[in-house]
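Have a look at the structure below, then the notes.
The values are calculated or read from the model by the stated rules, or taken from the named source; none is laboratory data. Predicted, not measured: the structure shown is a model, and the values here were computed from it. In this analysis, Cβ positions are derived from the backbone assuming ideal geometry, glycine residues included, and neighbour counts consider all displayed protein chains.
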């Protein structure tokens, strides 16, 4: 590829990705604040919040993934000069968010038997249930926020989400402190307070994004120009496109959650250490995730414009950028792991265990970064079913059995305890990275060949 063309594409990608990365970091930061502030109260409070989060966040990401069908749909409309048609699509996506959100709230209020069945530490269960019931009230607002955010991102406008998420993060700090420790008429609620603070912040995000859509350049999409009842045909189309996206995200998030639930049998200190490592890993992951989302927008835009060579180039440039970042992430985690962990907890046993786990996290950064960028590139082509199957097989057929065997110590020579669970997850991510990049290479080459052949066929 020509160096000037690559440089231009990299600038466009980073221009889109930087606000998305900041957005994702701020969004992830909500959970980080919960972990740090609950961890400062006690390891029991931290474990309670962590065990609630392992159900809440994967299910939320499943639904958010379904409505993420808005992004490639709008980006292709944008690339084809038909952005005014986006409003009707978004209104149907809001109906999907509403129905799925109600179902999620019902689920969250009835989780306690599952925690007892899994056998997690009974000290944490009351805190966990109080947390999930409190955070459930933020589900509908945040799903509405996601739909409208994906509309903006589909038009290649990523700044509003960054500003809203950054403001939400700043708002979360005093709210967390107030709800956790009490004061000004509120009782101290500990881990439960994290849930209430999160719900308030999610409501703020929804109100803010409504204002953006109604009073900015995105108003041209006419989202609020009229009311639409559910349209089963359009909803089915969006679900057909978005469900594999949601299931792919869920397959990855849920394996981390399943492992956390299994680790819950090992005691609150191990759960606390695992949650710290989950947070650190998640924070690092937000950067390639933002790049992957930007890749989806760039690829989708070029596909909508009919430039399949540029679409492939966007994906390849993103993969190269992800590789470079992964090398930086590995070095940073290996050199600064103990210091990072010490920011989360002052309990010596928790810090020692988490520092050891950080080493494993460092070594799977390359796989984790490349698989999410490969997934994003394929979404730009609206190729979502095969990536879902790849994710399902790699995480649950390959990664989880390895984690189970090594973590539970079925064989004396392979008893790695909590470290075994993370080795299994690293195995699944590596498998996914290889297969997704292979799929992207195949799909992008095929689309170029097909559309280059069309003019000659039409000439005949």
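Against the conditions (1) farther than 16 Å from residue 148 by Cβ; (2) over 24 Å from the mean Cα position of the chain (by Cα), where does residue 104 fall short? Just the number, please.
The single condition residue 104 does not satisfy is (2).
Quick one: residue 224 ticks every box in (1) over 23 Å from the mean Cα position of the chain (by Cα); (2) in a helix (DSSP H, G or I); (3) surrounded by fewer than 19 Cβ atoms within 10 Å (Cβ to Cβ) bar one, so which box is it?
All conditions pass for residue 224, except number (2).
Scan (1) more than 14 Å from the chain's Cα centre (by Cα); (2) more than 23 Å from residue 379 (Cβ to Cβ) for the single condition residue 279 breaks and write down its number.
Only one criterion is unmet by residue 279, namely (1).
From 164, 180, 173, grab the single residue that is under 26 Å from residue 92 (Cβ atoms) and either modelled with pLDDT of 90 or more or buried (at least 23 other Cβ atoms within 10 Å of the Cβ) (or both).
Within the list 164, 180, 173, the selection yields 164.
Does the stretch 410-422 contain any residue that is at pLDDT 85 or above and either surrounded by fewer than 21 Cβ atoms within 10 Å (Cβ to Cβ) or in a helix (DSSP H, G or I) (or both)?
no
Could you tell me which numbered condition residue 337 fails, if it satisfies all but one of (1) under 30 Å from residue 73 (Cβ atoms); (2) assigned to a helix (DSSP H, G or I)?
(1)
Test residue 77 against the stated conditions and say whether it is surrounded by fewer than 24 Cβ atoms within 10 Å (Cβ to Cβ), within 30 Å of residue 302 (Cα to Cα) and out of contact with any strand residue (DSSP E or B) (no Cβ under 6 Å at 6 or more places or on another chain).
It is true that residue 77 is surrounded by fewer than 24 Cβ atoms within 10 Å (Cβ to Cβ), within 30 Å of residue 302 (Cα to Cα) and out of contact with any strand residue (DSSP E or B) (no Cβ under 6 Å at 6 or more places or on another chain).
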